[in-house]
Amino acid sequence: MSDDKVVGIVLVSHSAQVAESVAELAKGLAGGGTPVPVVPAGGTEGGGLGTSAELIAAAAAAVDRGAGVAVLTDLGSAVLTVKALLAEGDELPAGTRLVDAPFVEGAVAAVVTAATGADLDAVEAAAGDAYSYRKV
Amino acid sequence: MLDADFFRRWMTATAASVDREAERLTALDSPIGDADHGSNLQRGFTAVTAVLQKENPDTPGAVLVLAGRQLISTVGGASGPLYGTLLRRTGKALGDDAEVGEEQLAEALRAGVDAVMALGGAAPGDKTMIDALVPAVEALGDSFTAARTAAEQGALATTPMQARKGRASYLGERSIGHQDPGATSAALLVAGLAEAAGE
């Protein structure tokens, strides 16, 4: 897959700081492969805790390079809002997918995998695999 | 028959009662939730009223689809996508008809409630808005008043339940003894329906 067709990543958290920090962490650990577009969509538009459909839609549009967009979320309204936007049909770029993965570990796996030029299926699988890594 | 004006009245009546009850909804959301249910819904329904006035959709389905879209984009909490999906899916089920019958509305609302259950993964007894909506939809075959009563009783019946969905579920047994804020606001939505019908 060519460099300009890299999978985009959107990180949706209830907190702007969490989304931004996880994006920074994941990009920092991605190493020197293909630069991956990663955009955080955290908190409400007013800067409070919560989920903003507008921020999510803008982030997805910003990272779309035509190879699909993987959206990772934390919990509650973040999950439900992304699902509701996907159900709308035309709010998110074609090939946008809500990825079932732990937020931090999944984001790192997704960005590292996307940086190898992998497709959306591979990015989703890598992010989901992060669930199987037990710490104890 | 129910026209677009009826559905606008439904949304306006719900917005007014959410406004009136916002503090109570947030108070119910304090012990078991994150204490923003009233203010979130108030923001959402204020936006719904404004957009309906501005765009003035002319079919029942279009009123609900527009209202639902507005809730998804403005509420900021889980009630946004949940209520948004409820209204949008109900509106889509009503199609493009200029007027709809009460039985048609009951069927469409059932489709909307099914969509909410699919989105949130909640079933009756989980201490959510579903516990008010499901009995309301079943009673809607009788009358709007019966639906309102069923929703209110459904909301009250959530008090002894243990939450199995959402933030309240983390509290386990400590969620018992509190009326669910989502079921309470769902009862306001159903009461708005009866109010729009002049009941």
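The values are calculated or read from the model by the stated rules, or taken from the named source; none is laboratory data. All of these numbers come straight from a predicted model, not from anything done at the bench. Don't worry about glycine lacking a Cβ; one is built from the backbone with ideal geometry, like all the others, and counts go over all protein chains shown. Note: areas computed on protein heavy atoms with side chains; ligands, DNA, RNA excluded. Shrake-Rupley method; radii C 1.70, N 1.55, O 1.52, S 1.80 Å.
Let me confirm something: among A:Val111, A:Val79, A:Val71, which residue is closer than 22 Å to B:Gly77 by Cα and crowded, with 24+ Cβ neighbours inside 10 Å? Don't jump to the end; show me each part of the working.
On the way: A:Val111 fails: closer than 22 Å to B:Gly77 by Cα; A:Val79 fails: crowded, with 24+ Cβ neighbours inside 10 Å.
When all the criteria are applied, what remains is A:Val71.
Each row is one residue, and each column tells you yes or no for (1) touching a Phe, Trp or Tyr at 6+ places or on another chain (Cβ under 8 Å); (2) at pLDDT 95 or above; (3) away from chain A (no Cβ under 14 Å); (4) open to solvent by less than 20 Å² (accessible area, probe 1.4 Å).
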site: B:Lys127; (1), (2), (3), (4): no, yes, yes, yes
site: B:Gly141; (1), (2), (3), (4): no, no, yes, no
site: B:Arg148; (1), (2), (3), (4): no, yes, yes, no
site: B:Gln153; (1), (2), (3), (4): no, yes, yes, no
site: B:Leu156; (1), (2), (3), (4): no, yes, yes, no
site: B:Tyr170; (1), (2), (3), (4): no, no, no, no
site: B:His178; (1), (2), (3), (4): no, yes, yes, no
site: B:Leu189; (1), (2), (3), (4): yes, yes, yes, yes
site: B:Leu193; (1), (2), (3), (4): yes, yes, yes, yes
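Run down B:Gly95, B:Gly101 and say which single residue is open to solvent by 10 Å² or more (accessible area, probe 1.4 Å), away from chain A (no Cβ under 14 Å) and out of contact with any helix residue (DSSP H, G or I) (no Cβ under 7 Å at 6 or more places or on another chain).
The conditions single out B:Gly101.
Quick one: in region A:26-55, which of the residues that are closer than 26 Å to B:Thr85 by Cβ and in a helix (DSSP H, G or I) is nearest to the other protein chains (Cβ to nearest Cβ)?
Ranking the qualifying residues of region A:26-55, first place goes to A:Ala53.
Could you list, in sequence order, all residues of region A:6-25 that are of a type in the set (A, V, I, L, M, F, W, C) and either in contact with a Phe, Trp or Tyr (Cβ under 7 Å, 6 or more places away or on another chain) or within 13 Å of chain B (Cβ to nearest Cβ) (or both)? Spell out how you get there, then give the answer.
Keep residues of region A:6-25 that are of a type in the set (A, V, I, L, M, F, W, C), which gives A:6-7, A:9-12, A:16, A:18-19, A:22-23, A:25.
Hits for region A:6-25 are A:Val12, A:Ala16, A:Val22.
Open to solvent by less than 50 Å² (accessible area, probe 1.4 Å), hydroxyl-bearing (Ser, Thr, Tyr), within 17 Å of B:Phe6 (Cα to Cα) and within 14 Å of chain A (Cβ to nearest Cβ): which single residue out of B:Thr90, B:Thr59, B:Thr85 fits that description?
Details: B:Thr59 fails: within 14 Å of chain A (Cβ to nearest Cβ); B:Thr85 fails: within 17 Å of B:Phe6 (Cα to Cα).
Being open to solvent by less than 50 Å² (accessible area, probe 1.4 Å), hydroxyl-bearing (Ser, Thr, Tyr), within 17 Å of B:Phe6 (Cα to Cα) and within 14 Å of chain A (Cβ to nearest Cβ) holds for just one of B:Thr90, B:Thr59, B:Thr85, which is B:Thr90.
Could you grab the pairs with beta carbons closer than 9 Å, sequence gap of 6+ or different chains, first residue in region B:55-79 and basic (Lys, Arg), second one surrounded by 24 or more Cβ atoms within 10 Å (Cβ to Cβ)?
B:Arg69/B:Gly84; B:Arg69/B:Leu87; B:Arg69/B:Arg88
Answer yes or no as to whether B:Asp29 is among the acidic types (Asp, Glu), assigned to a helix (DSSP H, G or I) and within 24 Å of B:Arg167 (Cβ to Cβ).
On the way: among the acidic types (Asp, Glu): yes; assigned to a helix (DSSP H, G or I): yes; within 24 Å of B:Arg167 (Cβ to Cβ): yes.
Answer is yes for this residue.
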